[in-house]
1. Kindly evaluate S32 against the criterion of being more than 17 Å from Y151 (Cβ to Cβ), at pLDDT below 95 and among the hydroxyl-bearing types (S, T, Y).
2. State which residue is modelled with the lowest pLDDT when the search covers only segment 1-24 and only residues that are under 14 Å from A150 (Cβ atoms) and in a strand (DSSP E or B).
3. Looking at segment 79-115 only, could you name the residues that are surrounded by fewer than 11 Cβ atoms within 10 Å (Cβ to Cβ) and either modelled with pLDDT under 95 or of a type in the set (S, T, Y) (or both)?
4. If you take the residues in segment 39-58 that are assigned to a helix (DSSP H, G or I) and without any contact (Cβ under 8 Å) to a residue 60 or more places away in the chain, which one is farthest from V27 (Cα to Cα)?
5. Hey, among the residues in segment 44-58 that are at pLDDT 95 or above and exposed (fewer than 15 other Cβ atoms within 10 Å of the Cβ), which one's nearest to the chain's Cα centre (by Cα)?
6. Between a first residue in segment 59-72 that is buried (at least 22 other Cβ atoms within 10 Å of the Cβ) and a second residue that is in a helix (DSSP H, G or I) and of a type in the set (V, I, T), which pairs have beta carbons less than 8 Å apart while being 6 or more apart in sequence or on different chains?
Amino acid sequence: MKHRNIIDPNEIYQILETADCCYMAMVSPDGSPYVVPMNFGYDEYYVYLHSARKGKKIDILINNPKVCLAFSAFHQLRYQSENVACSWSMKYKSVLVFGEVEFIEQEEEKIKMLNCMMKKYAGRDFNYNAPALREVLTYRVSLKNIEARAYRY
């Protein structure tokens, strides 16, 4: 069996911890897809994201908060026969999160979310001044609707 569905939360969290970024897919008002790479943090309930308060992504999310977040990790190039192109493939583990963006404005919750992201990348908490908190837009997506898969693992 090449593909395996992942249902163990610990294995899912391991993928989220290892992934460097996630890709957030949205649908523009005209129906066209729009995907952007994002830094993120997570806990057992949510994926946390942040950005500037204005821009194309925010315009889209205000109009339609439904998103799909894609994460992948543990990539390993492999082949059965070095000289047969069709025998080459990539081992990976991936997670898809389907949900709606929820914008968060409460200062305490923003700090928690930002520190969750910073712990992922820097391994520690930070202090945030009032202008920084005012200027950043924080949002989250529930981890209720997840699909995870491993290929060749």
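The values are calculated or read from the model by the stated rules, or taken from the named source; none is laboratory data. The shown structure was predicted, so the numbers you read here are calculated from the model rather than taken from an experiment. So basically every Cβ, Gly included, is an ideal-geometry build from the backbone, and we count neighbours across all protein chains shown.
1. On the way: more than 17 Å from Y151 (Cβ to Cβ): yes; at pLDDT below 95: no; among the hydroxyl-bearing types (S, T, Y): yes.
It is false that S32 is more than 17 Å from Y151 (Cβ to Cβ), at pLDDT below 95 and among the hydroxyl-bearing types (S, T, Y).
2. Checked segment 1-24; the qualifying residue modelled with the lowest pLDDT is H3.
3. Q80, S81, E82, N83, V84, A85, C86
4. Going residue by residue through segment 39-58, those that are assigned to a helix (DSSP H, G or I) are 56-58.
With the extra rule that they be without any contact (Cβ under 8 Å) to a residue 60 or more places away in the chain, the set shrinks to 56-57.
Details: K56: 11, K57: 10 Å.
Ranking the qualifying residues of segment 39-58, first place goes to K56.
5. Taking segment 44-58 and keeping what is at pLDDT 95 or above, we get 45-58.
So of that shortlist, the ones also exposed (fewer than 15 other Cβ atoms within 10 Å of the Cβ) come out as 45, 52-56.
Working: Y45: 13, A52: 17, R53: 19, K54: 20, G55: 19, K56: 18 Å.
Checked segment 44-58; the qualifying residue nearest to the chain's Cα centre (by Cα) is Y45.
6. F71/I15
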